[in-house]
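Here is the structure we will look at, set down as structure tokens.
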Amino acid sequence: MFKKIISGITLAAIVLTMSACDTEVSMTAQEAAEKMGVGINLGNTLESCFASDYKDWVSVVGSNKPKDYETCWGAVETTQEIIDGMKADGFDTVRVPVYWGNMMEDDGTYTLNPEYAARVKEVVDYCQKAGLYTVINIHHFDEFIIRRNDTEECKEIFTIIWKQIAEYFKDYSYKLMFEGYNEYLGGGKLNSKRKVEDRPKDEAYELTNVLNQAFVDAVRSTGGKNAERVLIISGYWTNIDLTTAPEYIVPNDSAEDRLMVSVHYVDNAFFWAKKIGTDEWLQYIDDQISLLKGAFLDKGIPVFMGETSSRYPDENIDSSVTDRTSSKYVAIVLNKLLESDIVPVLWDVNGHFYSRTLYRIEKDDERQMIADITGKLHEQKS
């Protein structure tokens, strides 16, 4: 059903690959997890888009240039100074969410736009130059595709897309990692009235497992450093309860010990219930970590907490709690995750936690909290 991708637009042909030497040794997923420390998301930036369930294709923004999409959700253009400031504040990992459908032609080939891909590459280069572990994924565009296609069609489309991304970056350092999708694995499909209908649970798990396997197979097929690069497998809705269920299957992999599993927000239920800071909240976090331990960590599969709260609004802290300092509760979560060998990555958008104009974590208490945690980590590694 898809037209052949034109070889003349092969993205790899325009890539200036990194200068990592050929003798670079690949890492196991566990070795990588031990080095990734605390991460931060470059949120609402390269994944920004305008896509509607009432449209068959992604809307064009402004003059249809990378800058138009990068800034359309309120972000500033990413610079080396922004990324260097993240490194200076103690972060060791940056997750870069990407909406690969931006500037893509609606021609059935799912060919990545070379100009948009080059901008993603530029931001990845900023991160690599700063010495940061870097994670790129398919973000929100996974939702767009899954809502419009059945499982086999999704498999075909994502195989096409991931082969292009993997080929583009296949010679990059092993400090670059790929995360298959964002939060929509297992999600529903649009019906004839453009309303999302949930898939039956068995079909939703099948979709999740098939697409994770397609991601791994597509990346490995491109060779180069991708033959052993650490890959991050997305959870069902990135929900801990759903992802640790027996129906969730970790993909087969031709590389040994090179997979992590991604979930989000270890205390999500209590955030929305506005019970942060209670004893129940603490127990819930421990229980969620215990699920991850039994399903993955005890089996040698590291866990990547791709999004975790960087700040707790006062209204989400339980009314009975006297100390309402957000950084106190963020520190509790980060320490619990790190003690369990889970890689925590703060969700952040422009002007929320880290200032992309001041090049630092804006609030002093939050900056000190991250410095204390990451400083201790760095001491342990030295």
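The values are calculated or read from the model by the stated rules, or taken from the named source; none is laboratory data. The structure displayed is predicted, hence computed values, not measured ones. Cβ coordinates were reconstructed from backbone atoms using ideal geometry, including for glycine residues, and neighbour counts include every protein chain displayed.
So which residues in the stretch 45-73 are acidic (Asp, Glu) and surrounded by fewer than 18 Cβ atoms within 10 Å (Cβ to Cβ)?
Our first condition is that a residue be acidic (Asp, Glu); within the stretch 45-73, this holds for 47, 53, 56, 68, 70.
Matches in the stretch 45-73: 53, 56, 68.
Looking at the stretch 94-118 only, could you name the residues that are more than 20 Å from residue 183 (Cβ to Cβ), in contact with a Phe, Trp or Tyr (Cβ under 9 Å, 6 or more places away or on another chain) and not acidic (Asp, Glu)?
Scanning the stretch 94-118 gives 103, 104, 108, 109, 110, 112, 113, 116, 117.
Inspect all residues belonging to the stretch 350-364 and state whether any of them is of a type in the set (A, V, I, L, M), in a loop (DSSP other than H, G, I, E, B) and under 22 Å from residue 88 (Cα atoms). Before the answer, list the steps.
Filtering the stretch 350-364 for residues of a type in the set (A, V, I, L, M) gives 358, 361.
From what's left, in a loop (DSSP other than H, G, I, E, B): 358.
Those left that are additionally under 22 Å from residue 88 (Cα atoms): 358.
Yes.
Restricting attention to the stretch 127-150, report how many residues are in contact with a strand residue (DSSP E or B) (Cβ under 6 Å, 6 or more places away or on another chain), among the β-branched types (Val, Ile, Thr) and either free of Cβ contacts under 8 Å to residues at least 60 places away in the same chain or within 21 Å of residue 199 (Cβ to Cβ) (or both).
Residues flagged as in contact with a strand residue (DSSP E or B) (Cβ under 6 Å, 6 or more places away or on another chain), among the β-branched types (Val, Ile, Thr) and either free of Cβ contacts under 8 Å to residues at least 60 places away in the same chain or within 21 Å of residue 199 (Cβ to Cβ) (or both) within the stretch 127-150 amount to 2.
So how many residues does the stretch 251-277 have that are touching a Gly at 6+ places or on another chain (Cβ under 9 Å), under 19 Å from residue 28 (Cα atoms) and crowded, with 22+ Cβ neighbours inside 10 Å?
Residues that pass the stated criteria total 2.
Can we say residue 336 is in contact (Cβ under 8 Å) with a residue 24 or more places away in the chain, touching a strand residue (DSSP E or B) at 6+ places or on another chain (Cβ under 9 Å) and at positive phi? Reasoning before the result, please.
On the way: in contact (Cβ under 8 Å) with a residue 24 or more places away in the chain: yes; touching a strand residue (DSSP E or B) at 6+ places or on another chain (Cβ under 9 Å): yes; at positive phi: no.
The answer is no for residue 336.
Can you name every residue in the stretch 156-177 that is aromatic (Phe, Trp, Tyr) and buried (at least 22 other Cβ atoms within 10 Å of the Cβ)? Show your work before the answer.
Residues of the stretch 156-177 that are aromatic (Phe, Trp, Tyr), as a first pass: 158, 162, 168-169, 172, 174.
Result: 158, 162, 168, 169, 172.
Check 105, 115, 153, 81 and return the single one that is free of Cβ contacts under 8 Å to residues at least 12 places away in the same chain, out of contact with any strand residue (DSSP E or B) (no Cβ under 6 Å at 6 or more places or on another chain) and surrounded by fewer than 22 Cβ atoms within 10 Å (Cβ to Cβ). Lay out the reasoning, then the answer.
Numbers: 115 fails: free of Cβ contacts under 8 Å to residues at least 12 places away in the same chain; 153 fails: free of Cβ contacts under 8 Å to residues at least 12 places away in the same chain; 81 fails: free of Cβ contacts under 8 Å to residues at least 12 places away in the same chain.
On inspection, the qualifying residue turns out to be 105.
Among the residues of the stretch 278-285, is there at least one that is over 18 Å from the mean Cα position of the chain (by Cα) and either under 30 Å from residue 214 (Cβ atoms) or crowded, with 20+ Cβ neighbours inside 10 Å (or both)?
Within the stretch 278-285, the first condition is being over 18 Å from the mean Cα position of the chain (by Cα), and the residues that meet it are 278-285.
If we keep only those that are either under 30 Å from residue 214 (Cβ atoms) or crowded, with 20+ Cβ neighbours inside 10 Å (or both) as well, we get 281.
The answer is yes, given that some residue of the stretch 278-285 is over 18 Å from the mean Cα position of the chain (by Cα) and either under 30 Å from residue 214 (Cβ atoms) or crowded, with 20+ Cβ neighbours inside 10 Å (or both).
Failed condition for residue 186, given (1) among the small types (Gly, Ala, Ser); (2) more than 22 Å from residue 47 (Cα to Cα); (3) not in a helix (DSSP H, G or I), with all others met?
(2)
Here is a list: 76, 124, 38, 94. Which entry is of a type in the set (Val, Ile, Thr) and either free of Cβ contacts under 8 Å to residues at least 12 places away in the same chain or surrounded by fewer than 20 Cβ atoms within 10 Å (Cβ to Cβ) (or both)?
Numbers: 124 fails: either free of Cβ contacts under 8 Å to residues at least 12 places away in the same chain or surrounded by fewer than 20 Cβ atoms within 10 Å (Cβ to Cβ) (or both); 38 fails: either free of Cβ contacts under 8 Å to residues at least 12 places away in the same chain or surrounded by fewer than 20 Cβ atoms within 10 Å (Cβ to Cβ) (or both); 94 fails: either free of Cβ contacts under 8 Å to residues at least 12 places away in the same chain or surrounded by fewer than 20 Cβ atoms within 10 Å (Cβ to Cβ) (or both).
Exactly one residue qualifies, and that residue is 76.
Which condition breaks for residue 177 when tested against (1) out of contact with any Phe, Trp or Tyr (no Cβ under 8 Å at 6 or more places or on another chain); (2) not in a helix (DSSP H, G or I)?
(1)
Suppose we filter 366, 379 for residues that are surrounded by fewer than 15 Cβ atoms within 10 Å (Cβ to Cβ) and of a type outside the set (A, V, I, L, M); which single one remains?
Details: 366 fails: surrounded by fewer than 15 Cβ atoms within 10 Å (Cβ to Cβ).
Exactly one of 366, 379 is surrounded by fewer than 15 Cβ atoms within 10 Å (Cβ to Cβ) and of a type outside the set (A, V, I, L, M), namely 379.
Counting just the residues of the stretch 331-351 that are modelled with pLDDT of 95 or more and under 14 Å from residue 86 (Cα atoms), which one comes out surrounded by the most Cβ atoms within 10 Å (Cβ to Cβ)?
Our first condition is that a residue be modelled with pLDDT of 95 or more; within the stretch 331-351, this holds for 331-349.
Of the ones still in play, those that are also under 14 Å from residue 86 (Cα atoms) are 345-349.
Working: 345: 25, 346: 27, 347: 21, 348: 23, 349: 18.
The extreme case among them is 346.
State which residue is surrounded by the most Cβ atoms within 10 Å (Cβ to Cβ) when the search covers only the stretch 304-330 and only residues that are among the hydrophobic types (A, V, I, L, M, F, W, C) and free of Cβ contacts under 8 Å to residues at least 60 places away in the same chain.
Pass one, the stretch 304-330, residues among the hydrophobic types (A, V, I, L, M, F, W, C): 304-305, 317, 321, 330.
Filter once more, so that each one left must be free of Cβ contacts under 8 Å to residues at least 60 places away in the same chain: 305, 317, 321, 330.
Numbers: 305: 26, 317: 23, 321: 15, 330: 23.
For the stretch 304-330, the residue satisfying everything is 305.
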